[in-house]
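> My questions all concern the structure below.
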Amino acid sequence: MNDVLPEDSGTWRFVESVVREVIESYGYREIHLPILEQTELFRRSIGEVTDIVEKEMYTFLDRNDESITMRPEATAGMVRAGISHGLFHNQRQKLWTAGPMFRREKPQSFRSRQFRQVDVEAMGYPGPDVDAELIIMSARMWQRLGLSRLTLELNSLGTPESRRNYRESLLNYFSTVKSKLDEDSIRRLERNPLRILDSKNPEMQEVIADAPAMLDHLDEESEQHFEELKALLDAAGITYEVNPRLVRGLDYYNRTVFEWLTDALGSQGAVCAGGRYDGLVEKLGGRSTPAIGWAMGVERLVGVFEECGGKAPEANPDAYIVAVGDAALARGIEIAEQLRDAVADIRIELNLGGGSFKSQLKRADKSGAEIALVLGEDEIAAKQVGLKPLRTGEDQVQVATEQVVKELSSRLTRNRD
């Protein structure tokens with residue numbers, strides 16, 4: 001589990017702010033979910049024969065001997081919240097959330113055991129139009145962030161009925177090559193052979209490549225849904241590749257599944273992924289509700305942003321107050337608060353801890369501020385403030401104390417424009 005240090009936080013904040021702006025521009029509303037949930041929620045939703053449930057969840061007994069799990073993903077919690085608060089009764093919901101998730105995986109670059117995720121969900125929409133919107137929304141994020149090293153893969157998993165037929169085909173195929181299966185695949189063969197397709201074992205890939213394809217077993221309605229989705233993406237100019245082996249790692253998916261992949265982060269290729277889960281709300285005790293969503297790892301998105309040369313805007317202070325002496329410090333605090341009252345989003349740093357005029361001016365320059373406000377004995381006596389531009393080479397000017405807020409506001413507005 002990793003720290004995000006101050007020198008990196010600006011990039012994180014910028015990337016997340018772009019993501020938030022794009023999501024909310026499509027009419028999605030934010031919801032906040034608890035980190036802890038009852039373990040049974042994830043067993044029922046994700047599926048017991050999955051790596052997450054079998055190997056990766058942080059699960060413990062609380063003081064009432066109830067099994068509690070730190071959330072490994074957000075969709076199950078989103079559905080649980082919707083059922084608990086009646087959000088799906090004759091309603092359609094477009095929701096999003098963000099926060100830490102927890103999986104006890106092998107730590108690697110861009111894969112830590114606590115990771116931050118953005119999760120977007122649309123409930124109550126049965127058609128391929130919302131599938132397309134969610135994918136187009138994510139493509140707009142890449143555009144806004146200037147990302148070029150991302151590719152989209154699509155597949156359809158059909159309905160539960162067509163998947164049962166496909167399951168039989170997989171079972172027959174993998175049974176004939178059982179001697180080539182690894183231990184995990186043998187264990188999953190009887191319980192859920194689709195999970196074998198999600199194996200990350202390189203030695204299994206040749207066997208998986210020869211397996212029957214889900215697209216050859218789609219029911220007519222799912223096939224039409226998939227064709228309409230592709231047509232909508234084509235119309236929007238979204239480039240994609242159909243990958244018949246894409247199944248995702250969670251059992252609740254049906255019909256549309258997709259992944260945005262990158263070659264910028266080594267083996268950690270998936271940045272954003274999701275799909276449709278039309279049966280999950282009903283499975284968890286709610287009314288039958290069609291739904292689809294995606295999740296995106298912030299660590300990986302930030303990594304791609306940096307690999308593609310992205311840089312967040314500097315978060316330096318607009319002005320640094322140099323205050324030499326007790327009277328100057330008191331006046332500096334007063335002026336700083338007046339500026340914060342008068343100018344929206346202004347960033348003012350006040351020198352704290354004392355120091356000579358020379359040392360304080362060095363701190364002002366190092367802070368990256370555009371202007372230093374200079375307060376010393378002479379300025380206090382004359383009821384003035386020195387305005388010293390730090391980036392343009394202009395000379396310092398003296399401004400009456402009662403005019404400093406107006407003058408600085410005017411200068412900063414010009415600089416921002």
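Since every read-out is calculated from the coordinates, none of them should be taken as a lab result. None of these values were measured; they are calculated from a predicted model. A quick note on method: Cβ atoms are made from the backbone with ideal geometry, for glycine too, and the neighbour counts reach across all protein chains shown.
> For region 98-163, what does the equivalent ellipsoid look like in terms of its semi-axes, each the square root of 5 times an eigenvalue of the Cα gyration tensor, given largest first in whole Å?
Its equivalent ellipsoid spans semi-axes of 26, 20, 14 Å.
> With +1 assigned to the C-beta of every Lys and Arg and -1 to the C-beta of every Asp and Glu, and no other charges, what is the dipole magnitude of region 301-416 about the Cα centre in debye, to the nearest 20?
Using Cβ point charges on Lys, Arg, Asp and Glu, region 301-416 gives about 180 debye.
> Hey, what's the Kirkwood Rh for region 288-417 if you take every pair of different alpha carbons, in angstrom?
16.7
> While we're on this one: Once you charge only the Cβ atoms, +1 for Lys and Arg and -1 for Asp and Glu, what is the size of the charge dipole of region 271-327 about its Cα centre, to the nearest 20 debye? Walk me through the intermediate numbers first.
Working: 5 positive and 8 negative charges, 107 e Å.
Computed about the Cα centre, the dipole is about 520 debye.
> If each residue's Cβ is checked for other Cβ atoms within 10 Å, how do ARG103, ARG187, ARG391, ARG163 rank with the fewest at the top? Display every interim value, and only then the final one.
On the way: ARG103 19, ARG187 15, ARG391 11, ARG163 22.
Exposure proxy ranking, most exposed first: ARG391, ARG187, ARG103, ARG163.
> Ok, one more. Give me THR11, THR239 ranked fewest to most by other Cβ atoms within 10 Å of their Cβ, as a rough exposure proxy.
Numbers: THR11 18, THR239 9.
By the 10 Å Cβ count, ascending: THR239, THR11.
> With the crude spin-label approximation of a point 7 Å out along Cα→Cβ, what separation in nm comes out for SER359 versus ARG29?
5.5
> Just going by the charge dipole of region 319-412, with Lys and Arg at +1 and Asp and Glu at -1 on Cβ, which of SER359, GLY332, GLN396 is farthest out on the positive end?
SER359
> If one takes the longest principal axis of the Cα atoms in the chain, at what angle in degrees, from 0 to 90 and to the nearest 10, does the Cα axis of helix 357-367 lie?
Helix 357-367 and the main axis of the chain meet at about 30 degrees.
> Compute the orientation-averaged projected area for the chain from the convex hull of its Cα atoms and round it to one decimal in nm².
On the way: hull surface 104.0 nm².
The number I arrive at for the chain is 26.0 nm².
> Then there is this: Under 8 Å for C-alpha pairs, at least 6 residues apart: give me the relative contact order for region 311-408, rounded to a whole percent.
Details: 156 pairs, mean separation 29.4, N = 98.
Over region 311-408, the number comes to 30 percent.
> Once you've got the GNM for the chain with C-alpha springs shorter than 10 Å, pick whichever of ASP119, ASP131, ASP318 has the biggest mean-square fluctuation.
In this elastic network of the chain, the residue with the biggest mean-square fluctuation among ASP119, ASP131, ASP318 is ASP318.
> Further question: Please give the FRET efficiency for ALA382 paired with ASP341, using the beta carbon to beta carbon distance and R0 = 30 Å, rounded to the nearest 0.05.
Numbers: r = 24 Å, r/R0 = 0.80.
Taking R0 as 30 Å, the efficiency between ALA382 and ASP341 is 0.80.
> Using the number of other C-beta atoms within 10 angstrom as an exposure proxy, rank TYR58, TYR252 with the fewest first. Could you put the intermediate results ahead of the total?
Working: TYR58 15, TYR252 22.
So the residues, fewest neighbours to most, are TYR58, TYR252.
> Report the net charge of residues surrounding SER112, where surrounding means a beta-carbon distance below 12 angstrom and charges are Lys +1, Arg +1, Asp -1, Glu -1.
Net local charge, SER112 excluded: +4.
> What lysines does LYS283 reach when the alpha-carbon gap must be under 22 Å and sequence neighbours fewer than 8 apart in one chain are set aside?
LYS94
> Mind grabbing the base-10 log of I(q)/I(0) for region 131-238 at q = 0.23 Å⁻¹? Debye formula, identical points on the C-alpha positions, no solvent, two decimal places.
-1.12
> On to the next question. Counting only helical runs of four or more DSSP H residues, what would the 222 nm mean residue ellipticity of the chain come to if each run contributes -39,500 (n - 2.57) and the total is spread over all its residues?
Values: 14 runs with 164 residues, N = 417.
Result for the chain: -12000 deg cm²/dmol, rounded to the nearest 500.
> Using Cα-Cα distances under 8 Å and only pairs 6 or more residues apart, what relative contact order does the chain have, in percent? It would help to have the intermediate numbers written out before the result.
Numbers: 705 pairs, mean separation 66.2, N = 417.
Relative contact order, the chain: 16 percent.
> Considering only SER25, ASN254, GLY368, whose Cα is most displaced toward the positive end of the charge dipole of the chain, charges sitting on Cβ of Lys, Arg (+1) and Asp, Glu (-1)?
Value computed over the given set: GLY368.
> Given LYS358/LYS388; LYS362/LYS406; LYS55/LYS230; LYS311/LYS358; LYS311/LYS366, which pairs have Cα atoms separated by over 24 Å? Before the final figure, lay out each step's value.
On the way: LYS358/LYS388 13 Å; LYS362/LYS406 26 Å; LYS55/LYS230 35 Å; LYS311/LYS358 32 Å; LYS311/LYS366 20 Å.
Checking Cα-Cα distances, LYS362/LYS406; LYS55/LYS230; LYS311/LYS358 exceed 24 Å.
> Efficiency by 1/(1 + (r/R0)^6): what FRET value for LEU352 and LYS311, r their Cβ-Cβ distance, R0 = 35 Å, to the nearest 0.05? Let's see the in-between values first.
Numbers: r = 29 Å, r/R0 = 0.83.
The formula returns an efficiency of 0.75 here.
> Quick check: residue separation of GLU394 and LYS178 times 0.36 nm, minus the Cα distance between them. What number comes out in nm?
69.9 nm
> Turning to a different aspect of this structure: With charges only on Cβ, +1 for K and R and -1 for D and E, what is the dipole size of the chain about its Cα centre, in debye, rounded to 20?
500
> Once the other residues with Cβ under 10 Å from the Cβ of VAL22 are scored (Lys, Arg +1; Asp, Glu -1), what is the net sum?
Spelling it out: positives minus negatives among the neighbours equals +1.
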